[in-house]
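Structure first, then comments.
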Amino acid sequence: AVLVTIVTRTATRLMDNVIDVFDFPVQHVTDVAKKNRRIGLGIMGFAEMLYKLGIQYNSEAGRAMAERAMEFVNAEAHKMSQQLAKEKGTFGLWKDSVWGKKRIKMRNAALTTVAPTGSISMFTDCSSGIEPNFALSYVKQYKDGHQYRYFNRHFEKAIQKLHLSQKQKDQVTDEILKTG
């Protein structure tokens, strides 16, 4: 829990800092971003966490773990935003916000999101966002024509644990590589 706390708080600070240095192509969008200081902190690799814990994605235990994980991230992000408000001040629209009405000083109007991560998750070999893996194998092609092949390492480990001949393991792997 200590590591997740540190990562969540560091990511919150980093994403808040990005607001100060990033200029959107349209000035109005930049102004709005700086007035509400919304960040999109989420999680990546949730499906892998469930694989490692032996929890089915579509189960009560899976839903409980999702709730527990995001509840923790949300709480730590809010604590960090309150700390940042003490250090740097509240977001521009704070006074008229739900936070202002509650008199809770926050640096950011909103902190968390459930956004897919796309290529980043492929490079880090984990599921994107909180979604399950929809295919055990796929090929992603970039604009430059370069292709990246992906084969789920957890599925690969599960195949190795089965009492199958090498020929059978190869057949399963080949079928997954062909069909996903």
Subject >> At most 12 other Cβ within 10 Å, DSSP loop - trypsin sites (Lys or Arg not before Pro), the range 82-180 >> reply: Arg103, Lys143
**OP:** State, as an integer percentage, the relative contact order of the chain based on alpha-carbon contacts under 8 Å between residues 6 or more apart.
**Re:** 24
Original post:
According to a simple spin-label model (label point 7 Å from Cα along Cα-to-Cβ), what is the distance in nm between Ile159 and Arg63?
Top reply: 3.3
Subject >> Stretch gain in nm, segment Thr5-Asp20, where the contour uses 0.36 nm per residue and the Cα spacing is subtracted >> reply: 3.1 nm
**OP:** Give me the compactness ratio for the range 78-180, meaning the Cα radius of gyration over 2.2 N^0.38 Å.
**Re:** 1.78
Original post:
Which value, to two decimals, describes the C-alpha radius of gyration of the range 75-136 once divided by 2.2 N^0.38 Å?
Top reply: 1.56
Original post:
Over the range 30-135, one equal point on each Cα, no solvent: what is log10 I(q)/I(0) by the Debye formula at q = 0.13, 0.16, 0.20 Å⁻¹?
Top reply: -0.59, -0.78, -0.97
Original post:
At what distance in angstrom do the alpha carbon centres of the range 50-119 and the range 1-48 lie from each other?
Top reply: 11
Original post:
Can you give the three extents of the C-alpha atoms in the range 58-111 along their principal axes, from longest to shortest, in whole Å?
Top reply: 41, 21, 14
**OP:** Show which lysines lie in cross-link reach of Lys169 when reach means a straight Cα distance below 29 angstrom and same-chain residues fewer than eight apart are skipped.
**Re:** Lys52, Lys140, Lys157, Lys161, Lys178
Original post:
Which one of Val26, Val98, Val114 has the biggest mean-square fluctuation once the chain is modelled by GNM with Cα springs under 10 Å?
Top reply: Val26
Original post:
Translational D (Stokes-Einstein, µm²/s) of the range 1-77 at 20 °C and 1.002 mPa s when Rh comes from the Kirkwood sum over C-alpha pairs?
Top reply: 148
**OP:** Mind computing the radius of gyration and Dmax over the alpha-carbon atoms of the chain? Å is fine for both.
**Re:** 20.8, 67
Original post:
For the range 1-45, taking Cα atoms only, what is the radius of gyration to one decimal and the Dmax to the nearest whole Å?
Top reply: 12.8, 40
**OP:** For the chain, set up a Gaussian network in which alpha carbons nearer than 10 Å are linked by springs, and say which option among His154, His78, His28 fluctuates the most.
**Re:** His28
**OP:** Just read off the accessible area of Phe22 with the full protein assembly in place, 1.4 Å probe, to the nearest 10 Å².
**Re:** 100
Original post:
Between Gln83 and Val139, what FRET efficiency comes out of the Förster formula 1/(1 + (r/R0)^6) with R0 = 41 Å and r the beta carbon distance, rounded to 0.05?
Top reply: 0.40
**OP:** Can you give me the span-like helices of the chain, meaning DSSP H runs with 18 Å or more of Cα extent along the axis and Kyte-Doolittle mean at or above -1.0?
**Re:** 2-21, 60-88
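The values are calculated or read from the model by the stated rules, or taken from the named source; none is laboratory data. Bear in mind the structure is a predicted one, so any value in this text is a computation, not a measurement. Note: ideal-geometry Cβ built from the backbone for every residue, glycine included; neighbour counts use all protein chains shown. Only protein heavy atoms, including side chains, enter the accessible area calculation; ligands, DNA and RNA are left aside. Shrake-Rupley method; radii C 1.70, N 1.55, O 1.52, S 1.80 Å.
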